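Taking it in order: structure first as structure tokens, then the write-up.
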Amino acid sequence: MIYFDNAATSFPKPAAVVQAVNEAVRFYGGNPGRSGHQMSMRTAEKIYQVRQKAGAFFDVRPEQVIFTLNCTHALNQAIKGVMAEGGHVITTRLEHNSVLRPLESMAAAGRIQYTAVPVTEGDDDATLAAFGEALRRDTRAVVCTHGSNVTGTLLPVSRIADFCRRNGLIFILDAAQTAGVLPVRLSMGLDIICMAGHKSLHGITGTGLMLLREGLSLPPLMEGGTGTGSLELQAPAEPPERYEAGTVNTVGIIALGAALDDLGRRGLDRIYRYEMALCARVYEELRRTDGVQLLASRFKLWEKAPIVSFNIRGLDAGAVAARLSERGFLLRGGYHCAALAHPFLGTAEQGAVRFSPGIFNNPRQVTLFLDEVKKIAKNPAVRLNLF
Amino acid sequence: MKHLLLVSSITYAYKARHLLQQNWIKCGIVRTPEQYTKQGCGYSLVLREDPQRTVDILTRHGIKVLQTVTIPAGAEKS
């Protein structure tokens, strides 16, 4: 079994993460911030240490690190919090549904309006022009992906941040595909960064992070017990507890701490270059393979997250992924929870097969994978009745 | 004599302890005794050092101390 679906969730996890899960279940079984007994306090201290590590990793104070259940949870908190008073939002047509669905539901309820602008691959000027054309008097925020989960295309974050700063907009970044691969910092001109703990950060599922600019306060998405001020009916005023109602995923958070240590040892630059090298080879070989269509028109370092999506002419992407899975290659084929991306990219009928390697993949696995894709392209066994 | 410095959350309790350690001030973290919490449930730093100096350090670093309670010697629980 060769796993190439790290854009969905990373696999396998580093040994230190597996060990941390074991230790968390065995030794940190208390509910942090709820009681005064040893187990609760020990667990609380451990959670705080992870908060410190995440703060150091992303260059924020520990209290600016909000633990969430996943990136979708973080984005819902960010979007619904920032837009609680209404207004207009600019987003893009490459977004994941974790951005688009909250926007759409708020728009359908008449609470906000939003514009999804096109992203022009390889032409940041055109992309920024689209943002500019979408700007309105009542625009309050920009929410966009750092890197598309379909094409890997990186958006020009620093230029968008500049655009936001000049126009007094709050900038929410979806770093689901880039946290753990590329540097992401609030100091890049961002107000909120949302990320998954279980993708390139190599934590386990059920974890996410929201990094919140100091001084920015949002209505909490979820309200409930926070362990202190129990006689108060209002949520705490301060982060992080304001946004962490209920028992946090202690096992997941402790494992995330081990994952961050592991990432620090490996180095983001090395990770990015390694994964991009695997992707570059896939891109170049598939580009030369008859019957294969790549979604991206180019593949360059620093323009892409490590993702290559493709189709085999005339075949449904899901069917290709199923065939690959039968042969032991695990990839996602379909629409990738990106409602606007595939119509925008012209793949609304087929979807796409997504290759997203991780640090534990190697060139030999890529060779075997490419051989299999070429076999399918040469002798397609499954056909979609499109024609 | 011990002093309790009530803070707003477990996160700020650990942040405070970390900061005080860097300032050579030793403190523990306890669940605030119920008789001292107005809002019900909370965490406090417990220390023997001069509380005012400690509060000054914490305040300078953005950590709010909600209340300071001095527990006289003899009234301390073991």
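All conditions but one from (1) among the aliphatic types (A, V, I, L, M); (2) out of contact with any Lys or Arg (no Cβ under 7 Å at 6 or more places or on another chain); (3) within 14 Å of chain B (Cβ to nearest Cβ); (4) touching a residue at least 24 places away in the same chain (Cβ under 8 Å) apply to A:Ala56; the one that does not is (4). Within the bounds of the range B:44-52, is there any residue that is more than 7 Å from chain A (Cβ to nearest Cβ), at pLDDT 95 or above, surrounded by 21 or more Cβ atoms within 10 Å (Cβ to Cβ) and under 12 Å from the mean Cα position of the chain (by Cα)? Yes, the conditions are met somewhere in the range B:44-52.
In the range A:226-245, which residue that is of a type in the set (S, T, N, Q) and at the interface with chain B (Cβ under 8 Å from one of its Cβ atoms) is nearest to B:Val65 (Cα to Cα)? Here the residue is A:Thr228.
Number of residues in the range B:18-35 that are under 27 Å from A:Ala245 (Cβ atoms), touching a residue at least 12 places away in the same chain (Cβ under 8 Å) and touching a Cys at 6+ places or on another chain (Cβ under 9 Å) equals 2.
Regarding the range A:123-131, can at least one residue be identified that is part of a loop (DSSP other than H, G, I, E, B) and buried (at least 22 other Cβ atoms within 10 Å of the Cβ)? Checked the range A:123-131: no residue is part of a loop (DSSP other than H, G, I, E, B) and buried (at least 22 other Cβ atoms within 10 Å of the Cβ).
Name every residue in the range A:138-156 that is under 16 Å from A:Gly189 (Cα atoms) and outside any strand (DSSP E or B), in order of residue number. Those that are under 16 Å from A:Gly189 (Cα atoms) and outside any strand (DSSP E or B): A:His146, A:Leu155, A:Pro156. In the list B:Lys15, B:Lys38, B:Lys2, which residue meets the criterion of being in contact (Cβ under 8 Å) with a residue 40 or more places away in the chain, within 12 Å of another protein chain (Cβ to nearest Cβ) and over 9 Å from the mean Cα position of the chain (by Cα)? Only one candidate passes the filter, namely B:Lys15. Residue count for the range A:61-72, restricted to those that are farther than 14 Å from A:Ile193 by Cβ and in a helix (DSSP H, G or I): 3. Of everything listed in (1) of a type outside the set (D, E, K, R); (2) over 21 Å from A:Tyr48 (Cβ atoms); (3) facing another protein chain (nearest Cβ under 9 Å), the single unmet condition for B:Gln67 is (3). Scanning the range A:322-349 for residues that are free of Cβ contacts under 8 Å to residues at least 60 places away in the same chain, surrounded by fewer than 21 Cβ atoms within 10 Å (Cβ to Cβ) and either within 18 Å of A:Lys375 (Cα to Cα) or in the same structural domain as A:Leu100 (by TED's automatic domain parsing) (or both) yields A:Ser325, A:Glu326, A:Arg327. Entry remark, the range A:202-223: residues being within 24 Å of A:Ala24 (Cα to Cα) and part of a loop (DSSP other than H, G, I, E, B) number 6 in total. Counting only residues that are assigned to a helix (DSSP H, G or I), under 26 Å from A:Gly180 (Cα atoms) and hydroxyl-bearing (Ser, Thr, Tyr), the range A:2-58 holds 2 of them.
Screening the candidates A:Gly180, A:Gly197, A:Gly189, A:Gly168 for the property of being assigned by TED's automatic domain parsing to the domain that holds A:Asp59, over 18 Å from A:Asn76 (Cβ atoms) and under 11 Å from the mean Cα position of the chain (by Cα) yields one hit, A:Gly180.
The values are calculated or read from the model by the stated rules, or taken from the named source; none is laboratory data. Only a predicted model underlies this, so the values are computations on that prediction, with no experimental measurement involved. Backbone-built Cβ (ideal geometry, glycine too); neighbour counts: all protein chains shown.
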